[in-house]
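A quick write-up on the structure given underneath.
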There are 2 protein chains.
Amino acid sequence: MSYILISNDDGIDAPGLKAMVDCLPHDRRIVVVAPDGPRSAQSSAITVINRLHIRRHDDYHGAEIYSVDGTPVDCVKLAVNIFGRPDFVFGGINHGPNDGNSVIYSGTMGIVIEGCLLGIPSVGFSHISHSWETDFLPYYATVKRIADDVILNGLPDGVCLNVNMPEGGEVKGALTLRAAKGYWVEEFDEYDTGDGGKEYKLTGRFLNLEPDNDATDKYWLARGYASIVPVRTDVTAEDAIPLLSQRFDSK
Amino acid sequence: MSYILISNDDGIDAPGLKAMVDCLPHDRRIVVVAPDGPRSAQSSAITVINRLHIRRHDDYHGAEIYSVDGTPVDCVKLAVNIFGRPDFVFGGINHGPNDGNSVIYSGTMGIVIEGCLLGIPSVGFSHISHSWETDFLPYYATVKRIADDVILNGLPDGVCLNVNMPEGGEVKGALTLRAAKGYWVEEFDEYDTGDGGKEYKLTGRFLNLEPDNDATDKYWLARGYASIVPVRTDVTAEDAIPLLSQRFDSK
């Protein structure tokens, strides 16, 4: 039976998950299969040793709600296994930014990449603030417009979307962009364990290598626009093959 | 101080990790920072809530050995934080294949992508068999040749390597290829919990959509060759931007 799958990486209790449900057309079957707790920054991790369990919760605004004791991508794989192949996969709305190279670490984008690998049009939505107090209502029009377009027109083969919403409760517009290049620095806070040992808590900040480049997501997000970054799931660097063949090939 | 970083996703006790050490030039400082247990299929997952701990073990063949209670990418980030930026990052040798789209899920490739994001020449090595009984000696010449070349000549910006070794203890040659296109099917075994519930164990097989295509890694691995796939860390689908801009942009 035809349906739209929603998942997230903030877990079943995140307000952004309900906002995602509210932004999708309710003349379709909507199934939410989300982790039973926070699973941020899980990327495309999957559970290969333990067994998974799924539990049904009360419906929300007509959507069926299930939780799984696994990663975001586990949720997609298990949903496909139990409910069949969805027509569309939506991740989010994530509490926290997935711009720049966060697409690599994001569980929200793990969900979306998994859908795309199966040939399903898939979109991840994130909001630039980590706060669970965020009022998502000002973002509904933008999310709905993009979701409706994807449901009507699909997406190019092998391409999914990473959409980020700006802070501040107003969206001045939306632009299709590429991810800003950069990397994370100053990544750990150090603590004494009290017995002479140390422990390390991940923190850090993204060093944007092109802060003034108006082709990038970070540039426009900082200026109040939603960013739409098309993401490829085939990561082979085809253009590097000829040169590397000369160096490495032996037959 | 200049050094080569090694990590893996099979954990500190995996024989493939020692094989990796043995394949690198011992006139350089080698530091191993690996998970304290198996962390297969962890992709680029990072630990954002718990604090991490690092523990030193006995040296192995001149290499410093440390374990971390985190993911493979945690190991890279923590190594950079404690020991400084390595000159090269090597992942593996992994027990199990990372060909086809397994690059998306692989913790070994998570390590390598993390190195590449920092601008460090990085290579992941995997062996097509999951067995911990694998004799890696027949693969040393191939691994050494590729590692030595990367240490001497580096890699193109934003490109890392995903190298897989064939089964059978003989390597007929090595070829630079692209990842075979496909996806995973029949992904779960179902079990009764005994109290009316069910649990699900991830399994499944990769459906290769182009089994006869001799430009792909799977084709040559099955024929006794090592495959070298260049992997990009910038996943923006730039060529899709113009078309999607027309559909989505509002300003």
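The values are calculated or read from the model by the stated rules, or taken from the named source; none is laboratory data. None of these values were measured; they are calculated from a predicted model. As a convention, Cβ positions derive from the backbone with ideal geometry for all residues, glycine included, and neighbour counts pool all protein chains shown.
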Limited to the range B:137-181, what total is found for residues that are in contact with a Lys or Arg (Cβ under 8 Å, 6 or more places away or on another chain) and over 19 Å from A:Ile241 (Cα atoms)?
2
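Let me confirm something: among A:Val76, A:Val103, A:Val123, which residue is within 10 Å of the chain's Cα centre (by Cα) and more than 16 Å from A:Cys23 (Cβ to Cβ)? So that I can check it myself, show each step before the final result.
Working: A:Val76 fails: within 10 Å of the chain's Cα centre (by Cα); A:Val123 fails: more than 16 Å from A:Cys23 (Cβ to Cβ).
Only one candidate qualifies: A:Val103.
Inside the range A:65-99, can you point out the residues that are in a strand (DSSP E or B) and closer than 12 Å to A:Ser7 by Cα?
Step one: list which residues in the range A:65-99 are in a strand (DSSP E or B), which gives A:65-68, A:88-95.
A:Ile65, A:Tyr66, A:Ser67, A:Val68, A:Phe88, A:Val89, A:Phe90, A:Gly91, A:Gly92, A:Ile93, A:Asn94 - these are the residues of the range A:65-99 that are in a strand (DSSP E or B) and closer than 12 Å to A:Ser7 by Cα.
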Residues to consider are B:Tyr3, B:Tyr66; find the one that is more than 14 Å from chain A (Cβ to nearest Cβ) and in contact with a helix residue (DSSP H, G or I) (Cβ under 9 Å, 6 or more places away or on another chain).
B:Tyr3
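Here's the yes/no breakdown for (1) modelled with pLDDT under 95; (2) among the hydrophobic types (A, V, I, L, M, F, W, C); (3) within 19 Å of B:Val150 (Cα to Cα):
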{"residue": "B:Leu5", "(1), (2), (3)": "no, yes, yes"}
{"residue": "B:Ile12", "(1), (2), (3)": "no, yes, no"}
{"residue": "B:Val32", "(1), (2), (3)": "no, yes, yes"}
{"residue": "B:Thr47", "(1), (2), (3)": "no, no, no"}
{"residue": "B:Arg56", "(1), (2), (3)": "no, no, no"}
{"residue": "B:Ser67", "(1), (2), (3)": "no, no, no"}
{"residue": "B:Lys77", "(1), (2), (3)": "no, no, no"}
Selection from the range A:42-57 of residues that are part of a strand (DSSP E or B), farther than 14 Å from A:Ile30 by Cβ, more than 7 Å from chain B (Cβ to nearest Cβ) and not basic (Lys, Arg)
A:Ile54
Looking only at the range A:41-50, count how many residues are touching a helix residue (DSSP H, G or I) at 6+ places or on another chain (Cβ under 6 Å) and surrounded by 23 or more Cβ atoms within 10 Å (Cβ to Cβ).
4
Restricting to the range B:115-135, name every residue that is modelled with pLDDT under 95 and buried (at least 18 other Cβ atoms within 10 Å of the Cβ).
B:Ile128, B:Thr134
Please pick out the residue among A:Tyr183, A:Tyr200 that is buried (at least 16 other Cβ atoms within 10 Å of the Cβ), modelled with pLDDT of 95 or more and hydroxyl-bearing (Ser, Thr, Tyr).
A:Tyr200
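Being surrounded by 14 or more Cβ atoms within 10 Å (Cβ to Cβ) and more than 20 Å from the chain's Cα centre (by Cα) is the filter; apply it to the range A:225-238 and report the residue that is farthest from A:Gly182 (Cα to Cα). I'd like the intermediate steps shown before the answer.
First, pick out the residues of the range A:225-238 that are surrounded by 14 or more Cβ atoms within 10 Å (Cβ to Cβ): A:225-237.
Okay, now just the ones that are also more than 20 Å from the chain's Cα centre (by Cα), so A:236-237.
On the way: A:Thr236: 20, A:Ala237: 19 Å.
That would be A:Thr236.
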So which residues in the range A:101-114 are crowded, with 24+ Cβ neighbours inside 10 Å and either part of a helix (DSSP H, G or I) or of a type outside the set (Ser, Thr, Tyr) (or both)?
A:Val103, A:Ile104, A:Gly107, A:Thr108, A:Met109, A:Gly110, A:Ile111, A:Val112, A:Ile113, A:Glu114
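Quick check, is B:Gly158 surrounded by fewer than 17 Cβ atoms within 10 Å (Cβ to Cβ) and in contact with a helix residue (DSSP H, G or I) (Cβ under 9 Å, 6 or more places away or on another chain)? Break it down into steps so the answer makes sense when it comes.
Values: surrounded by fewer than 17 Cβ atoms within 10 Å (Cβ to Cβ): yes; in contact with a helix residue (DSSP H, G or I) (Cβ under 9 Å, 6 or more places away or on another chain): yes.
It is true that B:Gly158 is surrounded by fewer than 17 Cβ atoms within 10 Å (Cβ to Cβ) and in contact with a helix residue (DSSP H, G or I) (Cβ under 9 Å, 6 or more places away or on another chain).
Of the residues A:Pro25, A:Pro38, which single one is over 25 Å from A:Thr142 (Cα atoms) and either among the acidic types (Asp, Glu) or surrounded by fewer than 24 Cβ atoms within 10 Å (Cβ to Cβ) (or both)? Before the answer, list the steps.
Working: A:Pro25 fails: over 25 Å from A:Thr142 (Cα atoms).
From the options A:Pro25, A:Pro38, the qualifying one is A:Pro38.
Within the range A:49-88, which residues are touching a residue at least 24 places away in the same chain (Cβ under 8 Å) and charged (D, E, K, R)? It would help to see each step written out before you state the result.
Start the filter on the range A:49-88 by keeping residues that are touching a residue at least 24 places away in the same chain (Cβ under 8 Å), which leaves A:52, A:54, A:57, A:60-80, A:82-88.
A:Glu64, A:Asp69, A:Asp74, A:Lys77, A:Arg85, A:Asp87 - these are the residues of the range A:49-88 that are touching a residue at least 24 places away in the same chain (Cβ under 8 Å) and charged (D, E, K, R).
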Taking the options A:Asp36, A:Asp74, A:Asp9, name whichever one is at the interface with chain B (Cβ under 9 Å from one of its Cβ atoms), closer than 21 Å to B:Ala45 by Cα and in contact with a Ser or Thr (Cβ under 6 Å, 6 or more places away or on another chain).
A:Asp74
Counted residues in the range A:203-224 being among the hydroxyl-bearing types (Ser, Thr, Tyr) and crowded, with 23+ Cβ neighbours inside 10 Å come to 1
Quick one: count up the residues across the range A:17-50 that are closer than 30 Å to B:Ile113 by Cα and among the acidic types (Asp, Glu).
1
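What are the residues in the range A:10-41 that are among the hydrophobic types (A, V, I, L, M, F, W, C) and in a loop (DSSP other than H, G, I, E, B), if any?
Across the range A:10-41, the qualifying residues are A:Ile12, A:Ala14, A:Cys23, A:Leu24, A:Ala41.
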Which of the numbered conditions does B:Gly100 fail, given that it passes all the others? Conditions: (1) small (Gly, Ala, Ser); (2) on the phi < 0 side of the Ramachandran plot; (3) touching a Phe, Trp or Tyr at 6+ places or on another chain (Cβ under 6 Å).
(2)
Cβ-Cβ under 8 Å pairs, at least 6 apart or on other chains, the range B:107-122 side closer than 19 Å to B:Leu152 by Cα, far side among the aromatic types (Phe, Trp, Tyr) and surrounded by fewer than 24 Cβ atoms within 10 Å (Cβ to Cβ):
B:Gly115/B:Phe88; B:Leu118/A:Tyr183; B:Gly119/A:Tyr183; B:Ile120/B:Phe88; B:Pro121/B:Phe88; B:Ser122/B:Phe88
Taking B:Gly107 and the conditions (1) touching a strand residue (DSSP E or B) at 6+ places or on another chain (Cβ under 7 Å); (2) within 14 Å of chain A (Cβ to nearest Cβ), which numbered condition does it fall short on, given that it satisfies the others?
(1)
